[in-house]
Amino acid sequence: MQIAVFSTKPYDQSFLTAANVAAGSPHALHFLEARLTADTAVLAEGAQAVCAFVNDRADAGVLAQFARSGVRLLALRSAGFNNVDLAAARRLGVTVARVPAYSPRAVAEHTVAMILGLNRHIPRAHARVRDGNFALDGLLGFDLHGRTVGVVGTGRIGIAFARIMLGFGCKVLAHDPVQDPACAGLGIGYVPLDALLAGSDIISLHCPLSPATHHLIDAAAIARMRPGVMLINTSRGGLVDTPAVVEALKAGAIGHLGLDVYEEEADLFFEDLSDHLLQDDVFARLLTFPNVLITGHQAFFTAEALTAIAETTLANISAFAATGQALHEVSTERVV
Ligand code: NAI
């Protein structure tokens with residue numbers, strides 16, 4: 001199949017090419033740096049499939065252009081599909097496929113890296129040592145052993161994260177409307193969200209973003225937390241009311257904040273903007289706190305995860321080419 005691959009970075013090209021070669025090069029991959037938009041959809045002319053990522057927008061107009069030019073499959077190299085108009089895709093006969101899981105451990109391990117980096121002030125300590133400053137003032141941490149960690153969402157990533165924290169000797173509290181029976185065996189207790197917020201030294205978010213979870217962490221939720229709590233979000237930016245978190249940081253109510261995601265990240269993340277003036281004042285304020293650690297949506301970014309994303313994406317395309325059905329189609333029941 002001819003595939004137009006949007007939003008490609010060099011790492012996408014190398015992992016997708018390697019997976020295609022390993023499968024005997026059944027597909028012609030046309031790599032495009034452009035993001036998929038109404039203006040760039042025409043670049044897929046001549047392709048039967050389009051491959052897209054999280055900040056590509058497949059709205060009704062884009063999908064209509066695909067249908068006109070003979071694109072029959074939209075293969076997402078992500079788990080999320082909030083950027084696709086599924087109803088329009090169904091109406092226009094464009095199949096949508098995704099990668100439901102690639103490496104939950106990659107995200108779980110990055111979450112732990114943020115906890116350790118914040119607790120032991122690793123970025124600050126590294127900067128000091130490079131500057132010839134070997135003083136320890138301001139670098140005081142705490143033992144993780146014996147601390148209580150609250151895990152909001154015990155799906156694939158949350159449970160992988162919880163297992164690691166149990167290895168540190170932490171007590172783990174969990175909150176999830178769907179309880180995983182494996183948690184009881186691990187000694188993880190499910191509690192209502194308020195009890196988790198009130199009883200945790202570290203709170204880590206691993207639930208999806210939905211209307212029900214939008215701004216799950218707002219001023220009221222923060223008011224229930226322990227003073228000086230550590231809050232980590234490697235899930236989706238919209239789970240957190242960022243201005244409320246900024247106020248809590250200023251007041252010392254939140255002691256440490258680790259973010260891999262940010263509600264307005266689409267305008268910032270994945271690009272080198274070092275020559276641009278930062279326009280987002282909330283993000284700029286976050287960067288001023290010494291007890292805030294931010295990474296640009298890189299928790300998934302391991303060789304294992306990129307390999308799995310590339311292999312599953314190509315398997316989706318190959319299955320569709322052979323049978324007219326992708327392996328992991330986004331279920332039409334999800335259309336709301
Ligand atoms: P999953 O679908 O396996 O688990 C999500 C869990 O959240 C489920 O158990 C679900 O019942 C639970 N949940 C739903 N509503 C909830 C609520 N109101 N309160 C508490 N729990 C709730 O998903 P997975 O694979 O574990 O991913 C979790 C999140 O991580 C996803 O939303 C995704 O957006 C994010 N993610 C972030 C990445 C990164 O690079 N930073 C990479 C991959 C995923």
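The values are calculated or read from the model by the stated rules, or taken from the named source; none is laboratory data. These figures come from a predicted structure and were not determined experimentally. Note that we place each Cβ from the backbone using ideal geometry, even for glycine, and neighbour counts take in every protein chain shown. Heavy atoms of the whole protein, side chains included, go into the accessibility calculation; ligands, DNA and RNA do not. Shrake-Rupley method; radii C 1.70, N 1.55, O 1.52, S 1.80 Å.
Only residues that are over 22 Å from GLY255 (Cα atoms) and in a loop (DSSP other than H, G, I, E, B): list them for region 175-206, please.
The answer is ASP176, PRO177, VAL178, GLN179, ASP180, GLY187, ILE188, VAL191, PRO192.
Any idea which of (1) within 11 Å of the ligand (Cβ to nearest atom); (2) open to solvent by 50 Å² or more (accessible area, probe 1.4 Å); (3) in contact with a Cys (Cβ under 9 Å, 6 or more places away or on another chain); (4) over 22 Å from ILE222 (Cα atoms) is the one HIS145 doesn't satisfy?
Condition (1) is where HIS145 drops out.
If I filter region 82-105 down to residues being in a loop (DSSP other than H, G, I, E, B) and surrounded by fewer than 19 Cβ atoms within 10 Å (Cβ to Cβ), which single residue comes out as farthest from the ligand (Cβ to nearest atom)? Lay out the reasoning, then the answer.
Within region 82-105, the subset in a loop (DSSP other than H, G, I, E, B) is 82-83, 85, 93-94, 98-103.
Remaining after also requiring surrounded by fewer than 19 Cβ atoms within 10 Å (Cβ to Cβ): 82-83, 93, 100-101.
Working: ASN82: 9, ASN83: 12, GLY93: 28, PRO100: 8, ALA101: 6 Å.
Among residues in region 82-105 that are in a loop (DSSP other than H, G, I, E, B) and surrounded by fewer than 19 Cβ atoms within 10 Å (Cβ to Cβ), the one farthest from the ligand (Cβ to nearest atom) is GLY93.
Pick out the one residue from LEU216, LEU193, LEU197, LEU209 that is open to solvent by 50 Å² or more (accessible area, probe 1.4 Å) and within 12 Å of the ligand (Cβ to nearest atom).
On the way: LEU216 fails: open to solvent by 50 Å² or more (accessible area, probe 1.4 Å); LEU193 fails: open to solvent by 50 Å² or more (accessible area, probe 1.4 Å); LEU197 fails: open to solvent by 50 Å² or more (accessible area, probe 1.4 Å).
The conditions single out LEU209.
Look through ALA79, ALA113 and report the one residue that is open to solvent by less than 40 Å² (accessible area, probe 1.4 Å) and either within 30 Å of ALA34 (Cα to Cα) or outside any loop (DSSP other than H, G, I, E, B) (or both). So that I can check it myself, show each step before the final result.
Details: ALA113 fails: open to solvent by less than 40 Å² (accessible area, probe 1.4 Å).
So the residue among ALA79, ALA113 that is open to solvent by less than 40 Å² (accessible area, probe 1.4 Å) and either within 30 Å of ALA34 (Cα to Cα) or outside any loop (DSSP other than H, G, I, E, B) (or both) is ALA79.
So which residues in region 233-253 are within 16 Å of the ligand (Cβ to nearest atom) and either on the phi > 0 side of the Ramachandran plot or hydrophobic (A, V, I, L, M, F, W, C) (or both), if there are any at all?
LEU239, VAL240
Hey, could you check region 252-295 for residues that are over 23 Å from ILE122 (Cα atoms) and assigned to a helix (DSSP H, G or I) and say which is least open to solvent (accessible area, probe 1.4 Å)?
The qualifying residue least open to solvent (accessible area, probe 1.4 Å) is GLU265.
Which of the residues spanning region 227-236 are buried (at least 16 other Cβ atoms within 10 Å of the Cβ) and either part of a strand (DSSP E or B) or at pLDDT 95 or above (or both)? Show your work before the answer.
First, the residues of region 227-236 that are buried (at least 16 other Cβ atoms within 10 Å of the Cβ): 229-236.
Matches in region 227-236: VAL229, MET230, LEU231, ILE232, ASN233, THR234.
So, SER78, is that one within 12 Å of the ligand (Cβ to nearest atom) and small (Gly, Ala, Ser) or not?
Details: within 12 Å of the ligand (Cβ to nearest atom): yes; small (Gly, Ala, Ser): yes.
In short, yes.
Which pairs turn up if I take residues in region 186-208 that are closer than 18 Å to GLY228 by Cα and look for partners that are assigned to a helix (DSSP H, G or I) with beta carbon separation below 6 Å, at least 6 apart in sequence or on another chain?
Sorted first by the residue in region 186-208, then by its partner, the pairs are ASP194/ARG224; LEU197/ALA221; LEU197/ARG224; ALA198/ARG224; SER204/THR111; LEU205/LEU239.
Anything in region 307-318 that is open to solvent by less than 20 Å² (accessible area, probe 1.4 Å), among the aliphatic types (A, V, I, L, M) and within 16 Å of the ligand (Cβ to nearest atom)? List them, or say none. Outline the logic, then answer.
In the first step, residues of region 307-318 are kept if they are open to solvent by less than 20 Å² (accessible area, probe 1.4 Å); the result is 309-310, 313-314, 316-317.
Pick out the ones that are also among the aliphatic types (A, V, I, L, M) and you get 309-310, 314, 317.
Scanning region 307-318 gives ILE309, ALA310.
Given the conditions (1) in contact with a helix residue (DSSP H, G or I) (Cβ under 7 Å, 6 or more places away or on another chain); (2) crowded, with 19+ Cβ neighbours inside 10 Å, report the number of the one that ARG224 does not fulfil.
(2)
Being open to solvent by less than 40 Å² (accessible area, probe 1.4 Å), modelled with pLDDT of 95 or more and outside any helix (DSSP H, G or I): is that true of VAL172 here? Reasoning before the result, please.
Values: open to solvent by less than 40 Å² (accessible area, probe 1.4 Å): yes; modelled with pLDDT of 95 or more: yes; outside any helix (DSSP H, G or I): yes.
Here the answer is yes, as VAL172 does meet what is asked.
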